[in-house]
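Accompanying notes for the structure given below.
The values are calculated or read from the model by the stated rules, or taken from the named source; none is laboratory data. Just so it is clear, the structure is predicted and the values come from calculations on it, not from any experiment. Here the Cβ positions follow ideal geometry from the backbone for every residue, glycine too, while neighbour counts run over all protein chains shown.
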Amino acid sequence: MEQKSISTLNNKKKFNWTSLTIIILTLAVFGFLWATSDTFFTFANIHSLVYDTSFIFFGVIGFTYLMIMGEIDLSVGSMFAFSGMWLGMLCDWGLPFAPALIIAIASVIGIGAINGILVVRFRVPSMMITLGMMTALAGLSNLLSTNLYGYYYPDAYRAIVRPTISIGGEEVFVLIIIMIVIIAVLEFMLHKTTIFRKMYYVGENLDTAKIYGIKAAKIKFITFIISALTAGIGGILVGSRVAYAAPTIGIGYEFQMLTAAVLGGASLFGGKGSILRASIAIFFLQLIRNGMVIHNIDPLLSQIIVGIILIIAVYLDTRVNKATTV
């Protein structure tokens with residue numbers, strides 16, 4: 001296998017037209033729905049679309065980071081369900097909301113650390129470790145939902161996602177503004193700061209990265225924690241929105257995030273990825289679901305469509321990116 005040096009990676013300045021693919025697809029679907037429906041291009045509908053995207057967005061952050069480094073975290077979907085209900089259970093036990101939130105976040109970080117240690121220290125494939133964690137968290141979520149049956153989360157919990165801000169005479173959820181700011185900051189840091197650029201180096205060629213003194217194991221360990229943390233935050237936000245224990249939250253999210261990350265330019269072989277484009281891809285998937293509802297198409301078919309998109313995206317990723325690693 002041809003070894004690529006860090007200097008080679010730094011010299012990749014040519015514009016990659018494939019990076020525009022998800023943007024073009026999103027604009028095409030957006031334009032189609034705008035032209036074929038009177039109810040699509042309204043503030044209420046677009047605001048709802050972006051708001052829905054903002055919840056899943058938190059899960060795709062760490063997921064994309066791991067894919068950049070050639071790893072994967074299949075436990076993110078189950079983490080969404082677990083973190084929200086675990087916080088609800090802590091509140092149900094009588095803990096004040098603030099300490100309950102701290103404990104829930106600490107628990108999520110601990111789970112991410114377990115994933116990281118098993119992958120980095122014991123060199124177990126991340127797909128298998130996180131698949132096992134996904135199953136374990138799904139089981140815990142079912143237990144929590146049984147114990148929380150009929151219980152509604154306290155007002156302090158439900159209030160997290162409610163704040164709005166007036167923009168142009170319309171009320172916009174603050175969570176949307178937070179998402180936009182985070183995307184801008186993380187995308188800038190991912191491409192312009194040395195610490196985040198090291199993720200690309202690790203994913204592009206692990207051996208070469210080690211030769212250049214990059215502490216790949218440490219970076220991967222921290223990123224597994226970030227993946228669990230961001231997914232956990234997303235789950236807490238969803239829990240705040242639905243206000244009660246729902247074990248079905250997060251089902252299939254891991255595949256949505258995989259689809260979004262690959263559509264956004266990430267590769268299963270590592271070394272590529274973008275928070276901005278992955279976020280646009282999440283919006284693209286939400287757009288498809290919204291269009292199916294508008295045109296009275298069974299929304300259950302969206303799972304089939306997402307599956308087909310994932311198959312195509314992974315096939316193209318394998319055809320294009322595998323060749324560059326040989």
Has the stretch 38-46 got at least one residue that is buried (at least 22 other Cβ atoms within 10 Å of the Cβ), part of a helix (DSSP H, G or I) and at pLDDT 95 or above? no
I'd like to verify a number: residues in the stretch 238-267 that are surrounded by fewer than 18 Cβ atoms within 10 Å (Cβ to Cβ) and within 25 Å of Asp317 (Cα to Cα), how many? 3
Can you spot a residue in the stretch 201-212 that is over 30 Å from Ser141 (Cα atoms), buried (at least 22 other Cβ atoms within 10 Å of the Cβ) and of a type in the set (Phe, Trp, Tyr)? yes
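Here is a yes/no grid of residues against (1) touching a residue at least 24 places away in the same chain (Cβ under 8 Å); (2) out of contact with any Lys or Arg (no Cβ under 9 Å at 6 or more places or on another chain):
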residue	(1), (2)
Tyr65	yes, yes
Ile68	yes, no
Phe97	yes, yes
Ala106	no, yes
Gly116	yes, no
Val119	yes, no
Leu144	yes, yes
Among the residues of the stretch 268-308, the number that are at pLDDT 90 or above and in a helix (DSSP H, G or I) is 21
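Name the residue, out of Ile249, Ile211, Ile222, that is more than 13 Å from the chain's Cα centre (by Cα), under 16 Å from Gly116 (Cβ atoms) and hydrophobic (A, V, I, L, M, F, W, C).
Values: Ile249 fails: under 16 Å from Gly116 (Cβ atoms); Ile211 fails: under 16 Å from Gly116 (Cβ atoms).
Result: Ile222 is the single residue among Ile249, Ile211, Ile222 that is more than 13 Å from the chain's Cα centre (by Cα), under 16 Å from Gly116 (Cβ atoms) and hydrophobic (A, V, I, L, M, F, W, C).
Whether any residue in the stretch 167-175 is touching a residue at least 24 places away in the same chain (Cβ under 8 Å) and in a helix (DSSP H, G or I) is what I want to check.
First, pick out the residues of the stretch 167-175 that are touching a residue at least 24 places away in the same chain (Cβ under 8 Å): 170, 172-173, 175.
Imposing the further condition that a residue be in a helix (DSSP H, G or I) reduces the set to 175.
Yes.
Would you check if there is a residue in the stretch 56-64 being buried (at least 22 other Cβ atoms within 10 Å of the Cβ), touching a Leu at 6+ places or on another chain (Cβ under 6 Å) and in a helix (DSSP H, G or I)? So that I can check it myself, show each step before the final result.
Taking the stretch 56-64 first, the residues buried (at least 22 other Cβ atoms within 10 Å of the Cβ) are 56-64.
Filter again for touching a Leu at 6+ places or on another chain (Cβ under 6 Å), leaving none.
Scanning the stretch 56-64, I find no residue that is buried (at least 22 other Cβ atoms within 10 Å of the Cβ), touching a Leu at 6+ places or on another chain (Cβ under 6 Å) and in a helix (DSSP H, G or I), so the answer is no.
Would you point out the residue of the stretch 121-135, among those that are in a helix (DSSP H, G or I) and either among the acidic types (Asp, Glu) or without any contact (Cβ under 8 Å) to a residue 24 or more places away in the chain (or both), that is nearest to Ser83 (Cα to Cα)?
Gly132
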For the stretch 87-107, how many residues are under 30 Å from Leu268 (Cβ atoms) and either out of contact with any helix residue (DSSP H, G or I) (no Cβ under 8 Å at 6 or more places or on another chain) or surrounded by 24 or more Cβ atoms within 10 Å (Cβ to Cβ) (or both)? 0
Taking interchain pairs and intrachain pairs at least six residues apart, which have beta carbon atoms under 8 angstrom, with the first residue in the stretch 196-209 and closer than 11 Å to Gly70 by Cβ and the second modelled with pLDDT under 90 and of a type in the set (Lys, Arg)? Glu204/Lys4; Asn205/Lys4
Would you mind telling me which numbered condition in (1) within 26 Å of Met133 (Cα to Cα); (2) in a helix (DSSP H, G or I); (3) at pLDDT below 90 Thr318 fails? (1)
Please indicate, with yes or no, whether at least one residue in the stretch 180-187 is more than 18 Å from the chain's Cα centre (by Cα) and not hydrophobic (A, V, I, L, M, F, W, C). no
Restricting to the stretch 185-229, count the residues that are among the aliphatic types (A, V, I, L, M) and either touching a Leu at 6+ places or on another chain (Cβ under 8 Å) or not in a helix (DSSP H, G or I) (or both). 3
Can you tell me how many residues within the stretch 89-98 are in a helix (DSSP H, G or I) and over 20 Å from Ala228 (Cβ atoms)? 4
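Residues to consider are Gly84, Gly70; find the one that is buried (at least 16 other Cβ atoms within 10 Å of the Cβ), within 15 Å of Gly250 (Cβ to Cβ) and small (Gly, Ala, Ser). Talk me through it step by step, then tell me what you get.
Values: Gly70 fails: within 15 Å of Gly250 (Cβ to Cβ).
Answer to the selection: Gly84.
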Does at least one position in the stretch 316-326 carry a residue that is surrounded by 16 or more Cβ atoms within 10 Å (Cβ to Cβ), in contact with a Leu (Cβ under 7 Å, 6 or more places away or on another chain) and under 20 Å from Met79 (Cβ atoms)? no
Kindly list the number of the only condition in (1) of a type in the set (A, V, I, L, M); (2) out of contact with any Phe, Trp or Tyr (no Cβ under 8 Å at 6 or more places or on another chain); (3) part of a helix (DSSP H, G or I) that fails for Ile160. (3)
